[in-house]
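The values are calculated or read from the model by the stated rules, or taken from the named source; none is laboratory data. Remember, predicted model here, so these are calculated numbers, not experimental data. So basically every Cβ, Gly included, is an ideal-geometry build from the backbone, and we count neighbours across all protein chains shown.
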């Protein structure tokens, strides 16, 4: 229950931090507090910056919670550096899963590539940091680090925890269609397995970052 409560608080802080960041950026730029409708059409760079700050605030929440439990942050989240063989094996498995997703994709399923407005190299750089660095670290610290540690030591056990965290991880990616969420769920199963077998959340971060980097390369920029 404590793990679940902290995870919900972290999610709320992530959302609130992102929203406040957009409000401050818009108010600074336009001199007025934006309406909810205006927040939906913010520049891509602002949205990426809000995501980065949201990720940072989420990790702070986890750090405070672990500290209040008088535990070592790196030990509790299994921030152990993986071996080269573990990294290579995990990446190979991920590539095989990705090829399977391409092969079995329904012809009627929409493409996974995204079309994003792009107005300069600065926005592209911020988007890269948000997508390939900040998001993988925050999500893996939360799901395969904090939540896995707490839930796997409960009645759920490691296997049920891997499935549950993967399902929740897929559900929160509301920007994707059902096919995309299914792929995210399968990816979450793989990431949870990597975390469990290697006892390294950093391994999950590396693989997650690699997946996002591939998606970043397939994005189409206007």
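Things worth noting here:
- For residue 145, the requirement of being under 20 Å from residue 63 (Cβ atoms) and crowded, with 23+ Cβ neighbours inside 10 Å is met.
- Test: residue in segment 19-42 that is surrounded by 12 or more Cβ atoms within 10 Å (Cβ to Cβ), within 18 Å of the chain's Cα centre (by Cα), modelled with pLDDT of 90 or more and assigned to a helix (DSSP H, G or I): no
- Among the residues making up segment 206-222, those that are in a helix (DSSP H, G or I), touching a helix residue (DSSP H, G or I) at 6+ places or on another chain (Cβ under 8 Å) and over 14 Å from residue 84 (Cα atoms) are 208, 209, 210, 211, 212, 213, 214, 215, 216.
- Residues of segment 64-96 classified as more than 17 Å from residue 205 (Cα to Cα), touching a helix residue (DSSP H, G or I) at 6+ places or on another chain (Cβ under 8 Å) and assigned to a helix (DSSP H, G or I), total: 3
- When we screen 150, 157 for residues that are farther than 23 Å from residue 51 by Cα and surrounded by fewer than 16 Cβ atoms within 10 Å (Cβ to Cβ), the only hit is 157.
- Only one of the numbered conditions (1) over 30 Å from residue 83 (Cβ atoms); (2) in a helix (DSSP H, G or I); (3) modelled with pLDDT of 90 or more is not met by residue 187, and that is (1).
- Residue in segment 106-113 that is under 18 Å from residue 211 (Cα atoms), modelled with pLDDT under 80, in a loop (DSSP other than H, G, I, E, B) and in contact with a helix residue (DSSP H, G or I) (Cβ under 7 Å, 6 or more places away or on another chain) present: yes
- Contacts under 9 angstrom Cβ, first residue in segment 151-162 being on the phi > 0 side of the Ramachandran plot and free of Cβ contacts under 8 Å to residues at least 40 places away in the same chain, partner part of a helix (DSSP H, G or I) and crowded, with 16+ Cβ neighbours inside 10 Å, 6 or more apart: 157/151
- Segment 122-184 holds helices (runs of 4 or more DSSP H) entirely within its bounds, and those carrying 2 or more residues that are farther than 20 Å from residue 1 by Cα and in contact with a helix residue (DSSP H, G or I) (Cβ under 6 Å, 6 or more places away or on another chain) map to 135-140.
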